[in-house]
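Everything on this sheet refers to the single structure shown next.
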């Protein structure tokens, strides 16, 4: 019944709305000027800002290092926040050996990307009924399809740690004694908060225990709904602490997969390895202090998954197990030895 109601609302309200407005009608609270909303920033912004500082410091004496630092910052923040033409220009300059101009172009692109990200986040928070920091407790079932003509949502259940905006509305909706809240996040293809290859929220972001900065609006039916599939939730944990915790969580999946294999449950064992790889994500490549460490396991992972699809579960286990072990090792090297 819920999906029918959502579909009916979407048809009535029009299908041409942008993704960040794919939510039921909103009960708007007080209006706060966008530039008056302040608070914590995403950990990706902190890391990208650190990379930018290092790139600026290297531009004169070591433009090659400045390029590497800028690329780390651009990747950490997300290439979608940057001017694609500027990125292409800077990388073509670097390929031609024009290191000084390339460093200037890429550092400029990173500066502009950070400024744009900040403006977008401030604007989003200014239009939200609730801005808070909370820890993910559990996730609801994945919708099984991407948002499109019919919006797809997945629930995230939070334990609220700090309310930045909207304390009164939160108390009205949940009661003053509870700190638990369920938020419906849109699952949009190619968005930052979704998995790349399946319609569900990113396990690297929304895993249990993750400390997230999130925003939401109160819908007329009482639900809390995120307004943006890219900026609606982001980690605020210290990057090193978060990465090392993801390393540890991935190692739990590695051990669990080995146990399942010993019990003869190869299909489940391979799935457990895949979960560990998805959980770890590419955070082990995101330390601005160690831009030189590179993961070259992509081909082995692709081969393992192709082997799995062909029905050779033992071969798939061997390949994917090797990838996950290597990624965990790289993660620990990356973040324990900056």
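We did not get these values from a lab; they are worked out from the coordinates using the rules stated. Quick caveat, the model's predicted, so the values are computed rather than measured. Here the Cβ positions follow ideal geometry from the backbone for every residue, glycine too, while neighbour counts run over all protein chains shown.
Counting neighbouring Cβ atoms within 10 Å and putting the fewest first, the residues 72, 318, 45, 163 line up as 318, 163, 45, 72. In region 106-156, the inverse of the mean reciprocal separation of distinct Cα atoms equals 14.3 Å; this is its Kirkwood hydrodynamic radius. By the beta-carbon count within 10 Å of each Cβ, the least crowded to most crowded order of 185, 149, fewest first, is 149, 185. Based on the reciprocal of the average 1/r between different C-alpha atoms, the Kirkwood radius for region 43-123 equals 12.1 Å.
Taking a ≥ b ≥ c as the square roots of the eigenvalues of the Cα gyration tensor of region 130-235, is the shape rounded (a/c under 1.5), prolate (a/b larger than b/c) or oblate? Verdict is prolate for region 130-235.
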